[in-house]
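Here the structure comes first, spelled out in structure tokens, and everything after it is commentary.
The values are calculated or read from the model by the stated rules, or taken from the named source; none is laboratory data. Predicted model only: the values in this text are computed from it and were never measured. In this analysis, Cβ positions are derived from the backbone assuming ideal geometry, glycine residues included, and neighbour counts consider all displayed protein chains.
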Amino acid sequence: MDTLLQVNLHHIAKGGRSDGQITHMGEEFIYVLKGTIELYLGTESHTLAKGDSAFFKSSEPHGYANVGNTPATILWLNTPPTY
């Protein structure tokens, strides 16, 4: 199947985080469904809570951490598919 868009639900345990920051081709959109995360974009960080969203180019180094007291759920869209 040849697709342009990949959609995932990321379930991030309390204290969970990405393995550093990554880069790749494309663009990303995230929407926080539950919990609070810190989104790292290069040297910047942004705290996002339920109802918040972000859009960024995948070539920007990016990563995340669950900084809240509960599990977090993120709707994560990538184009082109990464995984």
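Rundown of residues vs (1) exposed (fewer than 15 other Cβ atoms within 10 Å of the Cβ); (2) without any contact (Cβ under 8 Å) to a residue 24 or more places away in the chain; (3) of a type in the set (Ser, Thr, Tyr); (4) at positive phi, yes/no style:
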site	(1), (2), (3), (4)
Leu5	yes, no, no, no
Ile22	yes, no, no, no
Thr47	yes, yes, yes, no
Ser59	yes, no, yes, no
Tyr64	no, no, yes, no
Thr70	yes, no, yes, no
Trp76	no, no, no, no
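Yes or no: Gly26 without any contact (Cβ under 8 Å) to a residue 60 or more places away in the chain and within 13 Å of Gly63 (Cα to Cα)?
no
One line per residue, one yes/no per condition, for (1) assigned to a loop (DSSP other than H, G, I, E, B); (2) at pLDDT below 95; (3) touching a strand residue (DSSP E or B) at 6+ places or on another chain (Cβ under 8 Å); (4) hydroxyl-bearing (Ser, Thr, Tyr):
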site	(1), (2), (3), (4)
Thr3	yes, yes, no, yes
Glu28	no, no, yes, no
Tyr40	no, no, yes, yes
Leu48	no, no, yes, no
Ala54	no, no, yes, no
Ser59	yes, no, no, yes
Thr82	yes, yes, yes, yes
